[in-house]
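Engineer: Starting off with a structure, shown below.
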Amino acid sequence: MKKSMKTRKGDTGKNFYRGGVTGALILVLALFAAVMLNLLAGALPEKLRRIDLTEEGVYSLSDGTRERLRSLSEEVTLTLLAPAGEEDTVLLSVLEKYAAESRMVRLEKKDPALYPHFAEKYTRETVQDNSVVVESARRARFLSYSDLYRTDVDEELYAATGSEGVETVFVGESRITSAVAYVTGESFRKILVLSGHGEAALSEGFAAALELANFEIEETALLSLPEVPEGDLLLINDPESDLSEAEAGAIERYLDKGGKLLLLTDYETAELPHLDSLTLSYGMEGLHGLVVEGDSGHAVYAYPYYLLPETGEGGIAGSVKEEKLLFVVPMAHGIAFAGNLPRAIAAEEILKTSDRAYLKAGIKDGESVERAAGDLSGPFLVAAAATKNPGEENESRLIWFASASMTDGAVDGIAAGGNLRLILAAISQSVGEESLLPIAEKSVSYEHLTVTARDVKITAAVLIGVIPVGILLAGGIVLWRRRRR
């Protein structure tokens, strides 16, 4: 019996030893597997190693950027100028996404302390940390750190709270993608902006959008020129006075040679006979007066003259149809096509009101916009285009938006950028330039969680009292049941 007991004790020791060895071996294998998984994860491409869980996709690239990067046929170098360890995390992650998306993109980092003269050949301004240089064999563009972020302030909210209402927006992706297109482009389209007739200045947002699209802008005064200079498109933005007969003739000859004209007017634009003759030659007539929408579903709430029109099916409108954009057209007049258009002219409806819209002719500020007897009934076109000699070598086009205010920053903000996107699509399609898909701006501001004193007390009571007591009670019940067995 004693011998048997000793044997059992020996077996127990052996089993304990074997169990210890097995446990140690499992621990070693687990550590080895963890190390190998970490090494494999580190070898994965950047776009697979990190998952963007932010609501606005701050660390992700848009479809427009990926499309541009995949089409690259020459190398582009992105250089981040920042001290080691002080790189902007959002910017660095986005730049790594660029390099991971295309083999033609290389990312470099240079510490200004180690390379103090590196940026001198790209800019004369004081270089901020986390600025970026985008460069190819053709040319380079310098992007200051202040170009990559924008701060929006809600003045009323900030004044009331002293801290809230400030939002930091990352606009770096649109700037970097524009720079990539710029440094790899063979040539750039030129837009001639007509002056000399009280034309409105291009809105800040419109000018910035054209710059981001890498269009060259040149102001043109035809009064001192016999012909329209060489350019891909002539832009007339809300003129107050008419063209001279010589200017109208020069523009007509420009169009006859295959030129493109973008015209923006509004309901207050006076009758301009020479300009009207140009639009009539393309089968379009301006209907003078304010277009008011009678269907509440096609206008901004409480503002029936801020139109939410329907879009056409093909052409310019069709090119942005899948993007499901919103268009806001304020203070517009109507546009009508002639009943019998010549075969050489192809008409295109871009934006159109509902059939419940009406036209208030001769209306003045402060007067009622309610429908009255004699008001012309809709529907009305508020954006249209006509192409003369389509498919021919001298194909020309006139694009007409009946609301110059569409490009205003506040109005385009209501449309969530849809207005400028549509106008840029019209320009790009007309001049044969590839139009980038829109790149959304992304907020990187953190929303603060406000917790009241009452919430703090309740949370503390639950964490310090209820949960521990519950665990103790559960443990006591389990112990009591085991002892009863």
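Engineer: Checking Gly165 against (1) touching a Phe, Trp or Tyr at 6+ places or on another chain (Cβ under 6 Å); (2) at pLDDT 90 or above, which single condition isn't satisfied?
Structural biologist: For Gly165, the exception is condition (2).
Engineer: Is it true that Glu285 is under 27 Å from Glu392 (Cβ atoms) and assigned by TED's automatic domain parsing to the domain that holds Ala383?
Structural biologist: For Glu285, the condition - under 27 Å from Glu392 (Cβ atoms) and assigned by TED's automatic domain parsing to the domain that holds Ala383 - is met.
Engineer: Take region 370-396 and flag every residue that is small (Gly, Ala, Ser), under 18 Å from Ala426 (Cα atoms) and at pLDDT below 95.
Structural biologist: Listed by number, the list holds a single entry, Gly391.
Engineer: Taking Glu125, is it surrounded by fewer than 19 Cβ atoms within 10 Å (Cβ to Cβ) and either touching a Cys at 6+ places or on another chain (Cβ under 6 Å) or modelled with pLDDT of 95 or more (or both)?
Structural biologist: So Glu125 fails the test.
Engineer: Having 1 or more residues that are in contact with a helix residue (DSSP H, G or I) (Cβ under 6 Å, 6 or more places away or on another chain), surrounded by fewer than 18 Cβ atoms within 10 Å (Cβ to Cβ) and among the hydroxyl-bearing types (Ser, Thr, Tyr) is the bar; report the helices (runs of 4 or more DSSP H) wholly within region 240-329 that clear it.
Structural biologist: The helices (runs of 4 or more DSSP H) meeting that bar are 315-319.
Engineer: Continuing with this model, one more query. What are the residues in region 346-369 that are assigned to a loop (DSSP other than H, G, I, E, B), more than 30 Å from the chain's Cα centre (by Cα) and modelled with pLDDT of 95 or more, if any?
Structural biologist: Across region 346-369, the qualifying residues are Asp355, Arg356, Ala357.
Engineer: Does region 220-236 contain at least one residue that is acidic (Asp, Glu), part of a helix (DSSP H, G or I) and assigned by TED's automatic domain parsing to the domain that holds Gly391?
Structural biologist: no
Engineer: Please give the number of the condition Thr123 fails out of (1) assigned to a helix (DSSP H, G or I); (2) closer than 30 Å to Leu92 by Cβ.
Structural biologist: Answer for Thr123: the failing condition is (1).
Engineer: Specify the residue that is surrounded by the most Cβ atoms within 10 Å (Cβ to Cβ); the eligible residues are those in region 355-404 that are among the polar types (S, T, N, Q) and more than 20 Å from Leu262 (Cβ to Cβ).
Structural biologist: That would be Ser377.
Engineer: Go through Val132, Val94 for me and flag whichever is in a helix (DSSP H, G or I) and modelled with pLDDT of 90 or more.
Structural biologist: Going through Val132, Val94 in turn, the sole match is Val94.
The values are calculated or read from the model by the stated rules, or taken from the named source; none is laboratory data. Since this is a predicted model, take the numbers as computed values, not measurements. A quick note on method: Cβ atoms are made from the backbone with ideal geometry, for glycine too, and the neighbour counts reach across all protein chains shown.
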